[in-house]
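Report on the structure given below.
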């Protein structure tokens, strides 16, 4: 399986990844609905570049009590009909990149919109040894 | 359409904030950004007001591209009547404020009146609050931003520093520490209103039809038209690359424009800046990432941009890059425009060396150079005079013929004697000497067009002024060299109506003429479209421009042709016919 990987040294903080993700998955340009959190800002010490992305740890798959998150063809898949909105997956996600919605959740499905848009190659899909 | 349809109007005097509908008719004719903010100001400001009075208004304006995935659409226009020039003033600031404002649900914010005590404005979607800024007043913009982030968390902030509080005509507004709405004293307008900062957070988004298809089309444009050799200089070098261009063409301001080349230019050029580079940084939605986050010795800054390297470097006879970086950081924190301050300090150095008045600083004097931002921002010592700008300094002490300003705004980093079109661009720019209304040096001094002729320059400058008026209204960043056809293609999708390049060019012409009309109403005319005497009477002495000047008669020829092509009379007044044609 290939999971998203973030290289902070290459990131310029343009947020195109957030826009691409929200457009593809939520049909809106809204950075806060993206299934990744990339930030680039200055604190008192200087420039901070941080990224939280789905690295396919699969803790959400294990945590879901109703099997609404499954691995299918090497990607995560969310089955909305089964979801009971318990929120366990979002709470347990170590990278905090699962979005809670009014109905169901938003989860990285490895669609690659973000890496296709990333202008500097800071976001790439890399092979991970899982399953 | 990708407008939110909402304008937030905040009266600092009464403390009231109201949401009102965006004027759709004006939005059709002026798009957003520069054009639409000027339209609001033209309609709402009384002629002749003091720019630092409560009657002036500060407008923050986004555009139809703002907040979308359109490349290079992260900029915000900030407009008011200028305290430096008395003209219309629109500034452009990058970073992430503009999209955040749109996500909060507003196309624009109109700020009126004056608060009784220092406040800052906090906008969180529909929640709009004026909060006490008593603890922030007197602090630099950097500390102000840090404190607001620690208080409010994940917000985007714009702030002023001591320069704005002290109402300096070269006070800017800072955001994300190192992004500035730089010119014309826009920060003093905030200061005059007792408004220390504006913080915004938005939870919303922007919807449009076929958003996935639109995104795919934009990604193709990004790859094939944005991230190309024409534009990637921004990533590989950023604006410091212009140092060598200006050096080789002999238009690098040196020792207060006494020369057009700087012997030590290699110490302040792009290669020198690259040796200090820590990271590249971009504004929202920008794949070009022009910003250089640099560190040298104890100093760090996002910059220095070309204008800072030229005006605060060669123009002051300073080749110590670490000193320029520190000077840049100080100016950003105090919120001083580095173009104006570099020009002012260079002028003070020449006045001192010529024995006209002793400001205690000479060309190349690093130690005193580094004291200048603090003295000027605080109006302390020699800073009390310098804080008034070169026009006022010259009126008080002399040196008018080499006070390098137009309409009270200090000239940026391109000597008109080696780029005659830049002379015309400065003379006819709507906010005084500005290189962003038109930057014809790019195709003339740096390109194939003869820089030492008046021929064809009026047409060149007009075309660029109109194109940029559209660009800064849509809003696209200056650094994406996109065609008007490409702008039309993208705007047609965002505005959901067919719009072609010809219509956009007409909008650009309308915007530029409205800015002129605003200035005309304030009493500006041909007498003000002038350049300092040095440009007309003193030859440059080294490099490609050795022996060159811009003869006054050639300038007058260019200006006359410019007025004729614009449809303005010999005095630079817009004809009734032109006003009718443009629906002004």
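Since every read-out is calculated from the coordinates, none of them should be taken as a lab result. In this text, all values refer to a predicted model and were calculated from it rather than measured experimentally. Counting neighbours? That spans all protein chains shown, and the Cβs are built from the backbone with ideal geometry, glycine included.
Measure nothing fancy, just the Cα-based angle from helix A:16-26's long axis to the longest principal axis of chain A, in degrees from 0 to 90, nearest 10. The angle comes out at about 20 degrees.
Remark: relative contact order (the range A:2-119) = 26 percent; criterion is Cα-Cα distance under 8 angstrom and separation of 6 or more residues.
Considering every pair of different Cα atoms, what Kirkwood radius, in Å, is found for the range B:333-484? Kirkwood radius, the range B:333-484: 16.9 Å. Take each residue of peptide B:276-282, count the partner chain Cβ atoms within 10 Å of its Cβ, and average: the result is 5.
Working note: Cα gyration tensor of the range B:456-574, eigenvalues times five, square-rooted, sorted largest first, giving semi-axes of 32, 19, 12 Å. Per residue of B:95-102, other chain Cβ atoms within 10 Å of the residue Cβ number 2 on average.
Summarising the strand pairing of the protein assembly as shown, around 85 percent of its internal DSSP beta bridges are antiparallel.
Using the beta-carbon distance between residue B:50 and residue A:66 and R0 = 51 Å, what value does 1/(1 + (r/R0)^6) give for FRET efficiency, to the nearest 0.05? Efficiency at R0 = 51 Å is approximately 0.15.
For B:467, B:90, B:271, B:225, which order do you get if you count the other beta carbons within 10 Å of each Cβ and list the fewest first? Spell out each step's value before the answer.
Working: B:467 21, B:90 31, B:271 14, B:225 17.
Going from least to most buried by this count: B:271, B:225, B:467, B:90.
Of the residues A:29, B:359, the one with the fewest other Cβ atoms within 10 Å heads the list, and the complete ranking is B:359, A:29.
Relative protection proxy for B:362-372, B:282-292, B:10-20, from highest mean packing down: B:282-292, B:362-372, B:10-20 (other beta-carbon atoms within 10 angstrom).
Sorted into 10 angstrom bins from 0, the C-alpha pair distances of the protein assembly as shown split as 3, 15, 26, 27, 18, 7, 3, 1, 0 percent. Here the Debye sum runs over all C-alpha atoms of the range B:1-71 as equal scatterers in vacuum, and log10 of I(q)/I(0) at q = 0.11, 0.12, 0.15, 0.23 Å⁻¹ comes out as -0.31, -0.37, -0.57, -1.13.
Based on Cα contacts under 8 Å between residues 6+ apart, the range B:225-331 shows a relative contact order of 29 percent. Kirkwood analysis of the range B:230-387, using all unique Cα-Cα pairs, places the hydrodynamic radius at 15.6 Å.
Compute for chain B: radius of gyration divided by Kirkwood radius, i.e. Rg/Rh, restricted to C-alpha atoms, rounded to two decimals. Please report the intermediate quantities before stating the final value.
Values: Rg = 22.1 Å, Rh = 23.6 Å.
My calculation of the ratio gives 0.94.
DSSP assigns beta bridges within the range B:6-201; of those with both partners inside it, close to 75 percent run antiparallel. Sorting B:196, A:103, B:354 from the fewest to the most surrounding beta carbons within 10 angstrom yields A:103, B:354, B:196.
The relative contact order of chain B comes to 15 percent, based on Cα pairs under 8 Å that sit 6 or more residues apart. Residue by residue along A:5-18, Cβ atoms of other protein chains within 10 Å of the local Cβ number 5 on average.
Taking a ≥ b ≥ c as the square roots of the Cα gyration tensor eigenvalues, with a/c under 1.5 meaning rounded and otherwise prolate when a/b beats b/c, else oblate, which class fits the range B:534-584? Before the final figure, lay out the partial values.
Working: a/c = 4.94, a/b = 3.56, b/c = 1.39.
Judged from the Cα gyration tensor, the range B:534-584 comes out prolate (a/c at least 1.5, a/b above b/c).
Taking label points 7 Å from Cα along the Cα-to-Cβ direction, residue B:396 and residue A:82 give a separation of 7.7 nm.
Order these peptides, B:375-382, B:93-100, by their mean beta-carbon neighbour count within 10 angstrom, highest first.
Values: B:375-382: 19.9, B:93-100: 26.9.
Result, highest mean first: B:93-100, B:375-382.
Once you have a ≥ b ≥ c as the square roots of the Cα gyration tensor eigenvalues for the range A:1-63, tell me rounded if a/c is under 1.5, and otherwise prolate or oblate according to whether a/b is larger than b/c. Judged from the Cα gyration tensor, the range A:1-63 comes out oblate (a/c at least 1.5, b/c at or above a/b).
Take the Cα radius of gyration of the range A:2-119 and divide it by 2.2 N^0.38 Å, with N its residue count; two decimals is plenty. If you can, show how the numbers build up before the last one.
On the way: Rg = 14.6 Å, N = 118, 2.2 N^0.38 = 13.5 Å.
Taking N as the residue count of the range A:2-119, the ratio is 1.08.
In the protein assembly as shown, the calculated helix contribution to ellipticity at 222 nm averages -9500 deg cm²/dmol per residue, counting -39,500 (n - 2.57) for every DSSP H run with n ≥ 4.
Anisotropy class assigned to the range B:6-201 is rounded, per the alpha carbon gyration tensor with a/c under the 1.5 cut-off.
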